[in-house]
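Everything on this sheet refers to the single structure shown next.
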């Protein structure tokens with residue numbers, strides 16, 4: 001392959017990548033539970049947020065930064081949108097694309113929080129933002145019903161990486 | 001005097017730090033504290049003001065949260081249904097207007113006027129009431145029942161209005177109304193505590 005073709009191919013791949021980043025899967029509770037209960041030594045940072053939640057949007061870059069900072073460690077960020085499923089194409093996908101979010105984003109497609117919230121975490125009273133840090137391999141789990149600053153998130157995550 | 005300044009600063013910080021996170025708050029069956037908060041009409045409102053009620057539906061809500069807005073007309077309907085049965089709505093805005101300017105007292109007055117609130121809409125400026133009750137989000141509801149003829153109230157229900165915030169027409173379970181039916185019959189609510197998603201209360205920063 002000559003260098004020009006190679007460059008063109010590389011450019012084409014760069015154009016394709018952002019469109020992949022905007023995929024947001026609709027998931028139901030059992031799928032989320034499966035994610036929460038994975039028996040691995042990967043530390044999962046699971047942030048519940050919504051496009052309408054100002055403090056959530058403020059802390060999103062800190063979660064995005066986790067991917068870059070801990071790229072070589074077993075850390076994975078999952079952003080769970082609490083937007084209504086009806087807003088997936090109208091609000092959530094455009095938001096994810098505009099912000100260029102690299103973390104995996106899913107939308108929890110459930111209507112009655114009273115039936116599912118305790119199955120996510122009993123300590124969650126329903127306020128957003130809400131964050132879980134889980135490492136089932138180490139049997140460690142922490143819940144935060146609060147807005148993080150970047151140092152606070154780093155400190156919370158460090159507890160799992162010792 | 002020089003010693004007094006750090007002492008006062010420490011006191012100030014201590015007071016401020018108590019604003020950062022809510023306390024554990026009330027459970028169903030707990031005695032509910034009265035409060036004295038400013039209404040949008042400028043008058044102070046307490047639970048003890050109206051001796052004829054059987055109780056109150058206390059709603060922590062606000063101007064800007066999409067969930068509070070989604071439930072606004074349903075909260076008005078609750079007042080219209082239950083005020084005549086002895087349980088009027090009292091709405092309280094616990095958000096710090098310093099963090100969320102859309103929650104200012106003037107904005108509350110405008111919202112109450114434009115939506116014709118038939119109930120008081122009170123500002124919890126120090127956030128003490130929300131902390132005492134253990135409210136974490138908007139909307140967050142507490143049904144209070146008067147004990148005997150005095151001004152003592154107990155918590156009969158905490159939680160959600162119903163099971164569908166997006167669309168009132170799709171609601172299958174009206175959690176609060178189901179509880180009210182039992183409470184009005186003098187029975188404890190069989191489902192007395194429910195969960196809902198809402199906007200985290202904007203707590204004043206230290």
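Every number here is computed from the coordinates shown, using simple stated rules; none is lab data. Predicted, not measured: the structure shown is a model, and the values here were computed from it. Every residue, glycine among them, receives a Cβ derived from its backbone with ideal geometry; neighbour counts consider all protein chains shown.
Could you give the Stokes-Einstein D for the protein assembly as shown in µm² per second, using the C-alpha Kirkwood radius, 37 °C, 0.692 mPa s?
Numbers: Rh = 22.6 Å.
Diffusion coefficient, whole number: 146 µm²/s.
Could you work out the equivalent-ellipsoid semi-axes for chain B, taking the square root of 5 times each eigenvalue of the Cα gyration tensor, largest first, in whole Å? Kindly include the intermediate steps, with their values, before the conclusion.
Values: eigenvalues 175, 79, 56 Å².
Semi-axes (√(5λ), whole Å): 30, 20, 17.
Compute the FRET efficiency between residue A:99 and residue B:85 as 1/(1 + (r/R0)^6), taking r as their Cβ-Cβ distance and R0 = 41 Å, and round to the nearest 0.05.
0.25
Per residue of A:121-127, count partner chain C-beta atoms within 10 Å of its C-beta, then hand back the mean as an integer.
On the way: counts 0, 1, 0, 3, 14, 14, 12.
Taking all residues of A:121-127 together, the mean is 6.
Return P(r) of region B:114-178 (all Cα-Cα pairs; 5 Å bins starting at 0; whole %; ordered from short to long distances).
So the P(r) values, bin by bin, are 3, 13, 16, 20, 24, 15, 6, 2, 0.
Averaged across the residues of B:192-204, what count of C-beta atoms belonging to other chains lies within 10 Å of each residue's C-beta? Let's see the in-between values first.
Details: counts 0, 1, 6, 11, 7, 16, 6, 10, 13, 1, 3, 2, 0.
Average per residue, whole number: 6.
Could you tell me what % of all Cα pairs in chain A have separations over 19 Å? It would help to have the intermediate numbers written out before the result.
On the way: 7496 of 13041 pairs.
Roughly 57 percent, once rounded to a whole number.
So what is the 222 nm mean residue ellipticity for chain A from helices alone, if each DSSP H run of at least 4 adds -39500 (n - 2.57) and you divide by all residues, rounding to the nearest 500 deg cm²/dmol?
Numbers: 6 runs with 70 residues, N = 162.
Taking each H run of at least 4 residues, the total per residue is -13500 deg cm²/dmol.
Order the peptides B:193-203, B:179-189 from the highest to the lowest mean number of other Cβ atoms within 10 Å of their residues.
B:193-203, B:179-189
With each run of n ≥ 4 DSSP H residues scored as -39500 (n - 2.57), what mean residue ellipticity at 222 nm is computed for chain B after dividing by its residue count and rounding to the nearest 500 deg cm²/dmol?
Numbers: 5 runs with 57 residues, N = 206.
My calculation for chain B gives -8500 deg cm²/dmol from helical runs alone.
What average number of partner chain Cβ atoms lie no more than 10 Å from the Cβ of the residues making up A:112-119? Intermediate values should be presented prior to the final figure.
Working: counts 13, 9, 12, 4, 1, 5, 1, 0.
Going residue by residue through A:112-119 and averaging, the value is 6.
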